[in-house]
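Notes follow once the structure below has been shown.
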Amino acid sequence: MKKKTEAKRQAIVDIAAEVFRESGFERASMSEICRRVGGSKATIYNYFSSKEILFFEVMHQANDAEFRAVHAELDHAADDIAEALRNFGNGLLTFIYSPAILALRRQVLTNIGHCELGRTCYELGPKRSMQEVSEFLRAAVEKGKLRLCDPAVATLHLR
């Protein structure tokens with residue numbers, strides 16, 4: 001069995017992105033992605049267990065930089081916690097209601113019972129975001145910038 005490589009994985013993601021852009025998710029096929037990548041379907045399925053998971057990886061890579069930029073507003077060195085949270089909130093709302101994220105959310109909801117896409121999306125999106133907000137609030141409490149609270153509960157209230 002051949003060894004998985006990051007370069008091959010990225011090549012599959014890049015070509016899948018082209019196919020999804022050209023054909024849309026429903027009409028895109030793993031056969032077409034395989035044809036363009038070269039090799040067998042087994043190779044692609046060795047990297048990605050389903051078309052849905054591959055689609056999510058394409059969307060994740062396309063949106064991860066923006067996700068990180070929004071969460072960078074949670075500046076642990078900020079003196080004005082309220083301003084940092086407002087900036088974060090405005091950025092987060094813009095991000096989660098962007099056409100790309102709405103398309104991903106529709107795809108997840110459409111296929112929620114058929115694959116691991118929902119869990120993967122939750123772990124890399126909302127769960128990851130809530131952990132970052134909780135860490136920001138925990139640090140603010142430790143620095144005395146916020147009154148004593150449970151950061152996880154405060155994150156849920158903020159959400």
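Our coupling estimate for the stretch 9-15, obtained by passing each phi through the Karplus curve with A = 6.51, B = -1.76, C = 1.60 and θ = phi - 60°, is 4, 5, 4, 5, 4, 4, 5 Hz, Gly and Pro reported as x. Given the chain, what whole percent of its Cα pairs are spread farther than 25 Å? Of the Cα pairs, 42 percent sit more than 25 Å apart. The aspartates and glutamates within cross-link reach of LYS8, meaning a Cα-to-Cα straight distance under 17 Å and a gap of 8 or more places when in the same chain, are GLU18, GLU32, GLU57. Under 5 Å from the amide H of ALA78 lies no amide H of any residue 5 or more positions distant or on a separate chain, with H modelled from the backbone and absent for Pro and chain starts. Dividing the helix sum by the residues of the chain, where each DSSP H run of 4 or more adds -39500 (n - 2.57), gives a mean residue ellipticity at 222 nm of -24000 deg cm²/dmol.
For the stretch 17-90, the Cα-based Rg and Dmax, in that order, read 18.6, 55 Å. Surface composition of the chain: carbon plus sulfur atoms contribute 55% of the solvent-accessible area (1.4 Å probe, protein chains only, all chains present). Note that the stretch 47-58 has calculated 3J(HN,Hα) couplings of 8, 9, 6, 7, 5, 4, 5, 5, 4, 4, 4, 4 Hz, one per residue in order, obtained from phi through the Karplus relation 6.51 cos²θ - 1.76 cosθ + 1.60 (θ = phi - 60°); glycine and proline are x.
The values are calculated or read from the model by the stated rules, or taken from the named source; none is laboratory data. This one's a predicted model, so the numbers in the text were calculated from it and none came from an experiment. Areas reflect the complete protein model, heavy atoms only, side chains present, ligands, DNA and RNA absent. Shrake-Rupley method; radii C 1.70, N 1.55, O 1.52, S 1.80 Å.
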